[in-house]
Amino acid sequence: MEVDKKEEIKSESSEPVVTPWEVSAKDGGKIDYDKLIDQFGCQRLDESMIDRVQRLTSRQPHVFLRRGVFFAHRDFNEILDAFEKGDKFYLYTGRGPSSEALHLGHLIPFMFTKYLQDAFKVPLVIQLTDDEKCIWKNISVEESKRLARENAKDIIACGFDVTKTFIFSDFNYIGGAFYENMVKVGKCVTLNKAMGIFGFSGEDYIGKLSFPPIQAVPSFPSSFPHLFPGKDNLRCLIPCAIDQDPYFRMTRDVAPRLGYSKPALIESTFFPALQGENGKMSASDPNSAIYVTDTAKDIKNKINRFAFSGGQDSVEKHRELGANLEVDIPVKYLSFFLEDDSELEHIKKEYGEGRMLTGDVKKRLTEVLTEMVERHRRARAAVTDEMVDAFMAVRPLPSMFE
């Protein structure tokens with residue numbers, strides 16, 4: 001459920017491709033999110049829903065809501081309807097642990113999920129798909145499980161409430177009621193349908209074909225009998241990037257046939273590479289992203305050297321024409337991570353009209369990201385193995401609902 005562009009990108013393709021494992025824009029351009037909404041059949045989040053979140057939670061909507069990072073949904077209005085009537089729900093998100101160091105794009109769904117947990121005061125399950133990465137990335141079982149625990153430390157560092165949060169790895173947890181639901185889902189989806197939804201081919205491992213039910217069933221409360229006993233009708237809200245939508249289109253089709261509620265989704269855009277929105281964000285290219293392990297010097301160097309600028313070729317031309325904010329990566333990153341709305345608008349106005357230079361914008365971005373990464377590093381250093389064990393322990397959550 002990663003928010004960044006996937007590592008496998010077919011830049012030579014003339015048609016846009018958006019799957020859980022592959023994201024590429026037409027002719028190397030930008031993703032057309034309006035077309036993606038039409039293609040997938042989800043809905044765009046509008047201002048009235050964001051205002052409603054503020055009214056129901058009595059807190060300012062998260063910056064990712066205010067600025068359209070999370071921009072689409074499925075049945076989010078129904079979640080809000082139920083909440084307004086006093087009915088709770090639970091959150092479900094996840095991480096595929098394919099690398100030891102996370103970059104900022106990996107943190108986005110967890111930062112937003114933390115806000116949702118705090119705002120609505122609801123429980124959360126976080127799936128670590130170590131089995132998936134073992135199959136797709138050709139990582140050993142042992143290494144996948146190790147990476148899952150390391151990634152769990154970064155997730156916990158985001159500040160989740162241990163009394164409302166259950167983190168599980170597929171290798172360690174699958175069995176019992178969870179596996180029963182997997183089998184039920186597996187009996188509802190034909191091979192032809194799976195190939196149509198996910199693009200599987202005869203060259204894919206059969207393990208890939210068997211994975212979709214694993215990601216589907218955490219959206220059914222009966223998969224967690226220790227958390228939600230007798231609450232099989234509890235609704236689930238899934239924050240994720242829109243490339244994960246195929247998994248849950250399948251899940252929403254199957255759920256009523258099994259007697260479960262359809263999961264609701266709130267979906268984000270993709271986090272661009274430093275080199276631009278048509279750039280490749282790759283674990284093999286450390287200069288394509290800012291990592292939570294980067295030093296202040298690393299962050300400064302990456303932004304100054306690699307962050308694609310919409311500024312003009314010369315100061316004189318820039319003063320005359322201003323910056324192209326549509327392609328400028330420093331402005332896009334500030335739109336994700338600069339909390340102050342008025343400061344962001346000031347930067348966009350001054351930069352867009354040529355009064356602020358590229359170097360000034362990159363300097364401000366460097367300050368924002370350095371502070372953010374340092375804060376995360378301190379929080380991560382405080383996460384012990386015992387804390388990981390506590391989050392991953394199969395136990396009732398004492399403060400599941402307030």
Distance between Cα centroids, segment 25-90 to segment 200-218: provide it in whole Å.
-> 28 Å
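Expressed in nm to one decimal, what extension gain is obtained for the pair D81 and S314 from 0.36 nm per residue of sequence separation less their Cα-Cα distance?
Additional length available on full extension: 78.5 nm.
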In segment 336-393, which trypsin sites (Lys or Arg not before Pro) fall in coil by DSSP and have 13 or fewer other Cβ atoms within 10 Å?
-> R355
Arrange the peptides 306-318, 186-198, 242-254 so that the one whose residues have, on average, the most other Cβ atoms within 10 Å appears first.
-> 242-254, 306-318, 186-198
With labels modelled as points extended 7 Å from the Cα through the Cβ direction, what inter-label distance (nm, one decimal) is found for N287 paired with E371?
-> 2.9 nm
Inter-part distance where segment 263-278 and segment 341-402 are each reduced to a Cα centre, Å | 16 Å
What residues qualify as long-range amide H neighbours of A72, i.e. H under 5 Å apart, gap of 5 or more or another chain, H built at 1.01 Å from N?
-> L45, E267
Any chance you could run the full-extension gain for K363 through T19? It's 0.36 nm times the residue separation minus the Cα-Cα distance, nm to one decimal.
-> 120.3 nm
Find which of S223, L116, L91 sits farthest along the positive direction of the dipole of the chain, computed with +1 on the beta-carbon of Lys and Arg, -1 on that of Asp and Glu, about the Cα centre.
-> S223
Taking the Cα centre of segment 266-402 as origin, work out the dipole magnitude from +1 charges on Lys and Arg Cβ and -1 charges on Asp and Glu Cβ, in debye rounded to 20.
-> 460 debye
Computed [θ] at 222 nm, helices only, for the chain once each DSSP H run of length n ≥ 4 contributes -39500 (n - 2.57) = -13500 deg cm²/dmol
Segment 161-255 shape via C-alpha gyration tensor axes, a/c threshold 1.5 | prolate
Would you mind getting the Kirkwood hydrodynamic radius of the chain from its Cα pairs, rounded to one decimal in Å?
-> 22.0 Å
Nitroxide proxy distance, nm - points 7 Å out along Cα→Cβ at R146 and R55 = 5.3 nm
Distance in Å, no decimals, from the C-alpha centre of segment 181-198 to the one of segment 107-165 is 25 Å
Point-charge dipole on Cβ atoms (K/R +1, D/E -1) for the chain, about Cα centre, debye to 20 = 620 debye
Of the GluC sites (Glu not before Pro) in segment 88-194, those whose Cβ has at most 14 other Cβ within 10 Å and which sit in DSSP loop | E100
How many nm separate the modelled label positions at K187 and E386, each set 7 Å beyond the Cα in the direction of the Cβ?
-> 4.5 nm
Distant-in-sequence amide H partners of G96 (H built 1.01 Å from N, under 5 Å) = E2, T129
Sites K349 and Y205 - FRET efficiency at Förster radius 51 Å, r taken between beta-carbons, to 0.05 = 0.50
Out of L191, L265, A241, whose Cα points farthest toward the positive end of the dipole of segment 17-274 (charges: +1 Lys, Arg; -1 Asp, Glu; placed on Cβ)?
-> L265
Alpha carbons only, please: Rg and Dmax for segment 286-381, in angstrom.
-> 13.8, 47
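Laboratory data are not the source of any read-out in this text; all were calculated from the coordinates shown. Model, not experiment: these values are computed from the prediction. All Cβ positions, glycine included, derive from the backbone under ideal geometry; neighbour counts span all protein chains shown.
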